[in-house]
Amino acid sequence: MSDGAPAPHGRGDHGRPPLVVILGASGFVGAAVSARLSWRDVRLRLVSRHLPAPPPGPAPAQRLVRDLTDPRQVRECVADADAVLPLVLYAGRGTWRLTDDEATARAVNVGVVRSALAALAERPPRRVGPPPVLVFPGSTSQVGPGPTRVDGTEPDRPATGYDRQKQVAQWAVEAATADGVVCGTTLRLPTVFGPGRAPGVIDRGVVSTMLRRALAGQPLTVWADGTAQRDLLFVDDVADAFVGALHHPTALAGRHWPIGSGQGTTLRELFTMIAALAAEHTGGPPVTVESVPPPANASAMDLHSLVVDPSAFRAVTGWRARTPLPVALRRTLDALAPAPAAG
């Protein structure tokens, strides 16, 4: 399944399973990827600012608490890695609405990647085989408010601080790949949602937020007419995409690959589905879905439709989103809400 570089079915140094280092392993995506990889023939090093939960599978896992904004601590974590997944995300304010000069956000969204690349550049070259693999999580919204369906060939015009930071980190990965430091690639993610795949891991995205509101009997609000479309991708499918990228590192190296379901859902349709699911669970009437004016800090991307054509990534890896939206929403609701009491 591998194309030659270190991957879950390859071997690391001295014939041992490859060492995969996940930075941000206690985060929403990081925990899901850690859980998936724990069933593969790998060694895991799970690193986060909070102690990562033990993954469910049999793969040996070292769990570390580190400050990943400290380059020295990043170096310690990745120095002997066969693959690095920097799945950290700045969420100090629970939002992606960042300014370009926000130092804390930059230290996480850009600095951690740069620190990992610098540490890997210090390693002596491998005598045999390609350099270590690095798979970075970008964002489909890096293209900016132009196209409404993206396949990875569009020019990038990032319009928000968050997307500009993602772009800078992606450029660093591409430059390090060109220099032979890593075999690096970027998977650009759409709207990701689902249950947390480890104790204490919470999805703070729009889907889970609205599910919680609906379960609490609160109305759901959409900005403007709610016709902006989103590509909604279940977190387990995201985890499978990262595993797939680790199996095909050289074929994917040096560029970005948007991943998604390939289907667009308007926010009004999404919120109406959420209201109906919550009502089915609680036995009460569906909460209302109300239109409100966008707030003053809304960006052009907030009202812009964006759907992914993932065919390029699928052609290389065979990956596809396998969880239908209604199933994914129900699984997310089941994780958020206790089972109703028996009558």
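Values quoted throughout were computed directly from the atomic coordinates according to the rules given, and no laboratory measurement underlies them. Model, not experiment: these values are computed from the prediction. Cβ coordinates were reconstructed from backbone atoms using ideal geometry, including for glycine residues, and neighbour counts include every protein chain displayed.
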Pairwise label distance in nanometres, Trp39 with Asp80, each label 7 Å out on the Cα-Cβ vector: 2.9 nm
Shape of the range 248-343, Cα gyration tensor, a/c cut at 1.5: oblate
For the range 107-174, the fraction of alpha-carbon pairs in successive 10 Å shells from zero, as %: 19, 42, 25, 12, 2
Separation of alpha-carbon centers, the range 138-156 and the range 252-298, rounded to whole Å: 20 Å
Value in Å of the Kirkwood radius, where the range 174-238 supplies the Cα pairs that are averaged: 14.9 Å
Chain lengthening between Val327 and Ala121 when straightened (0.36 nm per residue, less Cα-Cα): 69.8 nm
Built amide H within the under 5 Å cut-off of Thr221, gap 5+: Glu290
Convex hull of Cα atoms in the range 206-309, direction-averaged projection (nm²): 8.2 nm²
Gain in span if fully extended, Arg72 to Ala103, counting 0.36 nm per residue against the direct Cα distance: 9.3 nm
Separation of the Asn297 and Glu280 label points, Cα + 7 Å toward Cβ, nm: 3.5 nm
Ellipticity estimate at 222 nm from DSSP helix runs (n ≥ 4, -39,500 (n - 2.57)) divided over the chain, nearest 500: -9500 deg cm²/dmol
Extension gain (nm, one decimal) between Asp179 and Ile202, 0.36 nm per residue minus Cα-Cα: 4.5 nm
Computed label-point distance, nm, for sites Gln218 and Ala315 using a 7 Å Cα→Cβ extension: 4.5 nm
